[in-house]
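*Asks:* One structure is given below, represented as structure tokens, and several questions about it will come after.
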Amino acid sequence: FRDARSILEFAASMENDVVRNYTKRIAELADIADDSTGQIAADKKWLEIFLEEQIKDSREDLDHIRQLLAGA
């Protein structure tokens, strides 16, 4: 990297990748079969909530990076 703009553009690209990957992982949770105890369903719900929070954080980071790029 030679300047702040290229660093910010790379960071924005990484955050986009995170959002795409975590969205895909949430969709893949539906393919996991539940068990009779309900434990797998509970684990899947926990993972879904965790991934949604990670997506939210990455989107907030991406918004901040875009603001920085707009001012750069």
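The values are calculated or read from the model by the stated rules, or taken from the named source; none is laboratory data. Keep in mind that this is a model prediction, so the values were computed, not measured. Note: ideal-geometry Cβ built from the backbone for every residue, glycine included; neighbour counts use all protein chains shown. Surface areas here come from the heavy atoms of the whole protein model, side chains and all, with no ligands, DNA or RNA. Shrake-Rupley method; radii C 1.70, N 1.55, O 1.52, S 1.80 Å.
*Asks:* Can you tell me what percent of all Cα-Cα pairs in the chain are more than 15 Å apart?
*Replies:* Numbers: 1552 of 2556 pairs.
Distances greater than 15 Å cover 61 percent of the Cα pairs.
*Asks:* Counting only protein heavy atoms and a 1.4 Å probe, tell me what percentage of segment 24-72's accessible area is made up of carbon and sulfur. Provide the component values of the computation, followed by the final result.
*Replies:* Values: 2000 of 3670 Å².
In segment 24-72, the share of accessible area belonging to carbon and sulfur is 54 percent.
*Asks:* Residues in segment 36-72, backbone N under 16 Å from the label point at residue 29 (7 Å along the Cα-to-beta-carbon vector): list them, ranges by number please.
*Replies:* Backbone N within reach: 38-58.
*Asks:* Between the helical axis of 39-71 and the dominant principal axis of the chain, each derived from Cα atoms, what acute angle in degrees is found, rounded to the nearest 10?
*Replies:* That helix lies at roughly 10 degrees to the long axis.
*Asks:* Below 15 angstrom from the Cβ of residue 29, what's the summed charge of the other residues (Lys, Arg +1; Asp, Glu -1)? Provide the component values of the computation, followed by the final result.
*Replies:* Working: positive: 24, 25, 44, 45; negative: 28, 31, 34, 35, 43, 48, 52, 53.
Local net charge: -4.
*Asks:* A further question on this structure: Helix 4-29 versus the longest principal axis of the chain: what angle, 0 to 90°, nearest 10, using Cα atoms?
*Replies:* 10
*Asks:* How many Å² of accessible area per residue for the chain, probe 1.4 Å?
*Replies:* Working: 5440 Å² over 72 residues.
Here the per-residue accessible area is 76 Å².
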